[in-house]
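J.: This is the structure I have questions about; it appears just below.
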Amino acid sequence: MPDRAAVIAALDAVTDPKSGQGLMVAGLVQGLVVAEDRAGFALEVPAGDTALYAPVRDAAEAALKAIPGMARVSVVLTAEAVAAPSPRRRTAGLSPQAVDQGRAKAPVPTERPAHVRRVLAVASGKGGVGKSTVSVNLACALAARGLRVGLLDADVYGPSAPTMLGISGKPAYEDGAMVPHEAWGLKAMSVGLLMQAEDAMIWRGPMASQAITQMLTQTRWGTEDEPLDVLVVDLPPGTGDVQLTLIQKTPLDGAVIVSTPQEVALADARRARTLFDRVNVPTLGLIENMSGDVFGRGGAEAEAERLGVPFLGDIPLDAAVRESGDAGRPLMIGAAESPAARRFVDVAERLARALTLET
Ligand SMILES: Nc1ncnc2c1ncn2[C@@H]1O[C@H](COP(=O)(O)OP(=O)(O)O)[C@@H](O)[C@H]1O
Ligand SMILES: [Mg+2]
């Protein structure tokens with residue numbers, strides 16, 4: 001049986017490219033689980049460094065798999081929350097009274113996109129927990145119900161819709177509006193299609209929310225004859241000022257929060273709930289992703305109960321989910337009968353009801 005000492009030694013033999021130290025010593029290993037023939041952890045890296053660390057994640061997985069007797073391994077690459085909340089906001093904490101005090105009194109004016117019935121946000125406290133994977137597959141699962149669905153990838157820190165849907169190229173302009181890409185039955189837009197490397201400062205600064213509001217309201221999502229039923233917005237991870245401004249300016253009808261079962265991720269999920277409360281956006285529920293025997297399961301369900309929000313379902317940790325995302329063909333399309341896809345179908349059914357899209 002592999003033991004913890006062997007796992008730690010293996011991880012310290014993998015070098016952190018930034019500090020030159022082993023991964024354990026460098027403090028990048030979070031929530032390490034070692035049990036019988038399996039091990040897993042979150043490799044937590046600074047926001048913006050996820051591309052740099054993708055090969056490190058692979059090397060860590062390989063190092064763990066090389067330990068004799070190790071059968072199942074999972075390393076999740078997560079990005080640290082980007083901006084710390086301001087001190088005033090930090091006091092909002094979690095108590096209902098504090099949340100209430102922090103709540104915006106006068107609503108910030110928002111502009112609804114034309115011919116869109118519902119806008120649904122998908123949020124997470126941390127990057128890397130599967131927010132984009134859930135956004136894309138939920139959008140496909142909603143479309144499979146016969147709904148007209150759009151996906152707006154607003155994650156300025158790591159847009160992934162272009163890869164996950166296999167779309168590229170700037171959107172066309174027609175009569176002053178952007179024309180969304182069509183992929184797998186969805187209408188799709190991504191900040192990744194618009195931003196150039198040199199624009200990063202604009203996209204990640206105070207203008208980001210303005211730019212995203214423009215994509216929301218100046219895209220031809222639907223027409224009078226064929227309105228979009230639901231627009232799924234893949235939000236940037238975290239609960240900082242960028243996220244707050246963005247959700248204040250976006251006419252959201254509801255939000256779902258994605259978390260992994262680990263306590264470190266759940267704490268961030270709690271903060272995301274507080275953020276939506278403050279702007280009076282209903283949290284429609286919590287989704288547990290990467291559920292299964294490496295990280296355990298049920299953490300998010302218990303957390304949902306504590307928070308008093310519905311638990312929408314758990315999506316198993318499954319290599320096919322990652323492969324389909326990398327290949328640009330969502331699991332819901334390529335393997336609609338797989339266990340993970342069936343979970344997305346169940347979650348979509350609950351959400352369609354919560355959004356009163358169907359009776
Ligand atoms: N249920 C799952 N099983 C296996 N891999 C997953 C699962 N969900 C997400 N992943 C993989 O984890 C990585 C991070 O997921 P992603 O959706 O990009 O997260 P986020 O948008 O929260 O940063 C991706 O490589 C993705 O394919
Ligand atoms: Mg993402």
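J.: What's the number of the condition V122 fails, among (1) at pLDDT 90 or above; (2) within 16 Å of ligand 2 (Cβ to nearest atom); (3) surrounded by fewer than 20 Cβ atoms within 10 Å (Cβ to Cβ); (4) not acidic (D, E)?
T.: For V122, the exception is condition (3).
J.: A follow-up question, please. Could you check the stretch 1-29 and list, in sequence order, the residues that are without any contact (Cβ under 8 Å) to a residue 12 or more places away in the chain and surrounded by 17 or more Cβ atoms within 10 Å (Cβ to Cβ)?
T.: Across the stretch 1-29, the qualifying residues are G22, A26.
J.: Tally the residues that are among the small types (G, A, S), free of Cβ contacts under 8 Å to residues at least 40 places away in the same chain and within 16 Å of ligand 1 (Cβ to nearest atom), restricting the search to the stretch 138-175. Steps first, please.
T.: Taking the stretch 138-175 and keeping what is among the small types (G, A, S), we get 139, 141, 143-144, 146, 150, 154, 158, 160-161, 166, 168-169, 172.
Next, only the ones that are free of Cβ contacts under 8 Å to residues at least 40 places away in the same chain stay: 146, 168-169, 172.
Filter again for within 16 Å of ligand 1 (Cβ to nearest atom), leaving none.
Residues flagged as among the small types (G, A, S), free of Cβ contacts under 8 Å to residues at least 40 places away in the same chain and within 16 Å of ligand 1 (Cβ to nearest atom) within the stretch 138-175 amount to 0.
J.: Still on this structure: Looking only at the stretch 125-140, filter to residues that are part of a helix (DSSP H, G or I) and either polar (S, T, N, Q) or within 8 Å of ligand 2 (Cβ to nearest atom) (or both); which one of those is farthest from A335 (Cα to Cα)? Quick ask: steps written out before the conclusion?
T.: Of the residues in the stretch 125-140, the ones part of a helix (DSSP H, G or I) are 131-140.
Filter again for either polar (S, T, N, Q) or within 8 Å of ligand 2 (Cβ to nearest atom) (or both), leaving 131-133, 135, 137.
Details: K131: 19, S132: 18, T133: 14, S135: 17, N137: 11 Å.
Across the stretch 125-140, the extreme among qualifying residues is K131.
J.: Same structure again: I'm checking my understanding of the structure. Among residues of the stretch 230-255 that are at pLDDT 90 or above and touching a helix residue (DSSP H, G or I) at 6+ places or on another chain (Cβ under 7 Å), which one is nearest to A79 (Cα to Cα)? Can you show your working first?
T.: Start the filter on the stretch 230-255 by keeping residues that are at pLDDT 90 or above, which leaves 230-237, 252-255.
Now drop any that are not touching a helix residue (DSSP H, G or I) at 6+ places or on another chain (Cβ under 7 Å), which leaves 230, 232, 234-237, 254-255.
Values: V230: 28, V232: 22, D234: 16, L235: 14, P236: 11, P237: 9, G254: 25, A255: 21 Å.
Filtering first and then ranking leaves P237.
J.: In the stretch 207-239, how many residues are within 15 Å of the chain's Cα centre (by Cα) and under 25 Å from V45 (Cα atoms)?
T.: So the count comes out to 7.
J.: Then there's this: Residues of the stretch 283-326 being within 16 Å of ligand 2 (Cβ to nearest atom) and either free of Cβ contacts under 8 Å to residues at least 60 places away in the same chain or part of a helix (DSSP H, G or I) (or both), which ones? I'd like the intermediate steps shown before the answer.
T.: First, pick out the residues of the stretch 283-326 that are within 16 Å of ligand 2 (Cβ to nearest atom): 287, 289-290, 315, 321-322, 324-326.
Answer for the stretch 283-326, where residues must be within 16 Å of ligand 2 (Cβ to nearest atom) and either free of Cβ contacts under 8 Å to residues at least 60 places away in the same chain or part of a helix (DSSP H, G or I) (or both): V321, R322, S324, G325, D326.
J.: List the residue pairs whose Cβ atoms are under 9 Å apart, where the first residue sits in the stretch 233-258 and is part of a loop (DSSP other than H, G, I, E, B), the second is within 13 Å of ligand 1 (Cβ to nearest atom) and polar (S, T, N, Q), and the two are 6 or more positions apart or on different chains.
T.: Qualifying pairs under 9 Å: L235/S124; L235/S135; P237/T78; P237/S124; G238/S124.
J.: With respect to I257, is the statement that it is farther than 18 Å from G40 by Cβ, within 16 Å of ligand 2 (Cβ to nearest atom) and within 15 Å of the chain's Cα centre (by Cα) true? Before you say what the answer is, go through the steps one by one.
T.: Numbers: farther than 18 Å from G40 by Cβ: yes; within 16 Å of ligand 2 (Cβ to nearest atom): yes; within 15 Å of the chain's Cα centre (by Cα): yes.
So I257 fits the description; yes.
J.: Let me ask you something else. Within the stretch 30-42, identify whether any single residue is at pLDDT 90 or above, under 27 Å from the mean Cα position of the chain (by Cα) and crowded, with 18+ Cβ neighbours inside 10 Å, and answer yes or no. Let's see the steps before the verdict.
T.: Filtering the stretch 30-42 down to residues at pLDDT 90 or above leaves none.
Checking the stretch 30-42: not a single residue is at pLDDT 90 or above, under 27 Å from the mean Cα position of the chain (by Cα) and crowded, with 18+ Cβ neighbours inside 10 Å.
J.: If you don't mind, there's one more thing I want to ask. Can you name the residue in the stretch 327-336 that is within 16 Å of ligand 2 (Cβ to nearest atom) and closer than 17 Å to A144 by Cα and is also surrounded by the fewest Cβ atoms within 10 Å (Cβ to Cβ) among such residues?
T.: The qualifying residue surrounded by the fewest Cβ atoms within 10 Å (Cβ to Cβ) is L331.
J.: Another question, if that's okay. Is it the case, given these coordinates, that V345 is near ligand 1 (Cβ under 10 Å from one of its atoms) and within 23 Å of E182 (Cα to Cα)?
T.: Values: near ligand 1 (Cβ under 10 Å from one of its atoms): no; within 23 Å of E182 (Cα to Cα): yes.
When the stated conditions are applied, V345 does not pass them.
J.: Listed residues L142, L152; which is farther than 18 Å from P251 by Cα, buried (at least 20 other Cβ atoms within 10 Å of the Cβ) and in the same structural domain as D229 (by TED's automatic domain parsing)? Talk me through it step by step, then tell me what you get.
T.: On the way: L152 fails: farther than 18 Å from P251 by Cα.
Checking each option against the conditions leaves just L142.
The values are calculated or read from the model by the stated rules, or taken from the named source; none is laboratory data. These numbers come from a predicted model, not from an experiment. In this analysis, Cβ positions are derived from the backbone assuming ideal geometry, glycine residues included, and neighbour counts consider all displayed protein chains.
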